[in-house]
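The values are calculated or read from the model by the stated rules, or taken from the named source; none is laboratory data. Just so it is clear, the structure is predicted and the values come from calculations on it, not from any experiment. Remember, those area values only see protein heavy atoms, side chains included, never the ligands or the DNA or RNA. Shrake-Rupley method; radii C 1.70, N 1.55, O 1.52, S 1.80 Å.
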Amino acid sequence: MSHSDEQLQSVLETLEECRKVLNACNSRESAELLSIVILDVRMKLKGIDSADLKALCDEMLRSAASVPPSPSKQTQDQPRRPLLRVVK
């Protein structure tokens with residue numbers, strides 16, 4: 001592991017601790033935003049670029065569109081959240 005990867009790993013651990021604190025304080029939106037930053041750092045550590053993530057998201061959307069959703073109490077009671085789109 002290179003020095004820069006070690007630094008990123010340390011930053012990742014700190015960010016994950018911060019997210020835990022935010023979740024414990026019921027700061028859900030802030031924790032979700034931090035989750036996006038955590039994902040970005042993990043992608044850098046694993047060598048995954050934006051094009052790979054976009055391809056994965058596109059495939060997941062295609063798969064989700066081909067399977068009809070099963071009605072559940074949770075989806076009936078709560079409005080559907082918009083899907084996260086990765087744009088460059």
Pulled fully out, how much extra length does the chain show between C25 and S63, if you take 0.36 nm times their separation in residues and subtract their Cα-Cα distance?
10.2 nm
What order do C25, C57 take when sorted by accessible area (1.4 Å probe), most exposed first?
C25, C57
Restricting things to Cα coordinates, could you compute the convex hull volume per residue of segment 1-57 in Å³?
73
Please list 3J(HN,Hα) in residue order for segment 25-30, calculated via the Karplus relation 6.51 cos²θ - 1.76 cosθ + 1.60 where θ = phi - 60°; whole Hz, with x for glycine and proline.
8, 6, 9, 4, 5, 5
